[in-house]
Amino acid sequence: MKIENDLRTMASFLQAQLKDVETLIAQEKEDKAQEALNFTQGGLKNFANEIEKVDGGFYGLVGILFRRAYYVPDDIKKLREALFQEAERLQKLLAKNSEKNRNKLDRNVAKAAKALQTSELAILPTETVYGLFANALDEKAVKKLYAVKGRPTEKALNMNVASYADILKYSKHQPVYLEKLVGAFLPGPLTIILEASNAVPEWIHIGKTTVGFRMPSIKITQKVIEKVGVLVGPSANLTGDPSPQFFADLSPQILENAQVAIQDDSIYGLDTTIIDLTGKTPRLLRQGAITREQLLREVPELADIQ
């Protein structure tokens, strides 16, 4: 009858969802796996409630006229229990894997931070490409970064920061809407150019009066910046070569000159959007992953952007 068919359809759908959760766990996409599992657990509760609601009830013309109750088949009830057990197993597996990956993350953060705190370079992922990072306040490390990349010394570097407070510390004459802009898009693929404060080392902005700010959204890179402080991190390629979107794209020369290289290919390869807020009117220097329309929707004060 229709009730039984509906219950079996619900069960099949939930089975498929649990398989999807297991696939996400195997791919180490923990956040997505937990989100999918939470959704599936809600469906399991609805499934169980539906079984309780219809079991022993009178349905259809025959059932109502002859008082013939409908009882949910035992195999469906057993399937309900099996689905709950599978969801519980996946939750435990997810918790175990999350703990393991947290420990791995902590070890990698500590390793990268130690290298950066001792004038060494580290290759870290950002949401756009892999970057070659150095402690921004360590002149020796920054000079090494320029040399390894073959980057012209007159070409300034952006500052990778961990917070809005850092942006305020290293800039001046900020627009009134800066906090709104930062809150809407950072961490994320946006570079904000502001007037540099006296706290910005000369070896970062090379005689310029401005400096760019980045706040990468990849978790491990965020944590390294928080632990070490302000970093510089141009793309991890030799000047003139393509930027590395995948770990396999990194050149041997770059790898051998970095003390630490952290792999995390959750990178989508789109350029950052660059916005210059140093003039009377804001300028969109490059539209990348964040579009002009998105900027205007979140920050209407940018309406006169050029």
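The values are calculated or read from the model by the stated rules, or taken from the named source; none is laboratory data. None of the values given here were measured: they were computed from a predicted structure. For neighbour counting, all protein chains shown are included, and Cβ atoms are generated from backbone atoms with ideal geometry for every residue, glycine included. Accessible surface is based on the protein model in full, side chains and every heavy atom, while ligands, DNA and RNA are left aside. Shrake-Rupley method; radii C 1.70, N 1.55, O 1.52, S 1.80 Å.
Quick notes
- Within the stretch 257-273, one or more residues are within 24 Å of residue 178 (Cα to Cα) and either modelled with pLDDT of 95 or more or not in a loop (DSSP other than H, G, I, E, B) (or both).
- Selection within the stretch 42-57 - closer than 20 Å to residue 87 by Cα and open to solvent by 50 Å² or more (accessible area, probe 1.4 Å): 45, 46, 49, 50, 52
- Only one entry in 116, 157 is touching a Pro at 6+ places or on another chain (Cβ under 7 Å) and hydrophobic (A, V, I, L, M, F, W, C), namely 157.
- Matching residues in the stretch 115-143 - criterion: being out of contact with any strand residue (DSSP E or B) (no Cβ under 6 Å at 6 or more places or on another chain), surrounded by 15 or more Cβ atoms within 10 Å (Cβ to Cβ) and free of Cβ contacts under 8 Å to residues at least 60 places away in the same chain: 119, 138
- Leading residue by the ranking (nearest to residue 234 (Cα to Cα)) among those in the stretch 287-306 that are without any contact (Cβ under 8 Å) to a residue 40 or more places away in the chain and open to solvent by 70 Å² or more (accessible area, probe 1.4 Å): 287
- Residue in the stretch 198-208 that is free of Cβ contacts under 8 Å to residues at least 60 places away in the same chain, closer than 22 Å to residue 289 by Cβ and open to solvent by less than 40 Å² (accessible area, probe 1.4 Å) present: no
- Out of 279, 240, 212, sole residue that is among the small types (Gly, Ala, Ser), touching a residue at least 24 places away in the same chain (Cβ under 8 Å) and more than 19 Å from residue 183 (Cβ to Cβ): 240
- Restricting 148, 176, 224, 228 to residues that are open to solvent by less than 10 Å² (accessible area, probe 1.4 Å) and out of contact with any Phe, Trp or Tyr (no Cβ under 6 Å at 6 or more places or on another chain) narrows the list to 224.
- One residue alone among 223, 208 is assigned to a loop (DSSP other than H, G, I, E, B) and under 20 Å from residue 161 (Cβ atoms), and that residue is 208.
- Considered as a group, the residues in the stretch 231-246 that are open to solvent by less than 50 Å² (accessible area, probe 1.4 Å) and either among the hydroxyl-bearing types (Ser, Thr, Tyr) or not in a loop (DSSP other than H, G, I, E, B) (or both) include one that is modelled with the lowest pLDDT, and that residue is 235.
- Search result, residues across the stretch 220-276 that are of a type in the set (Asp, Glu) and touching a helix residue (DSSP H, G or I) at 6+ places or on another chain (Cβ under 7 Å): 264, 265
- Restricting the stretch 247-256 to residues that are in a helix (DSSP H, G or I), in contact (Cβ under 8 Å) with a residue 60 or more places away in the chain and among the aliphatic types (A, V, I, L, M) leaves a set whose member that is surrounded by the fewest Cβ atoms within 10 Å (Cβ to Cβ) is 255.
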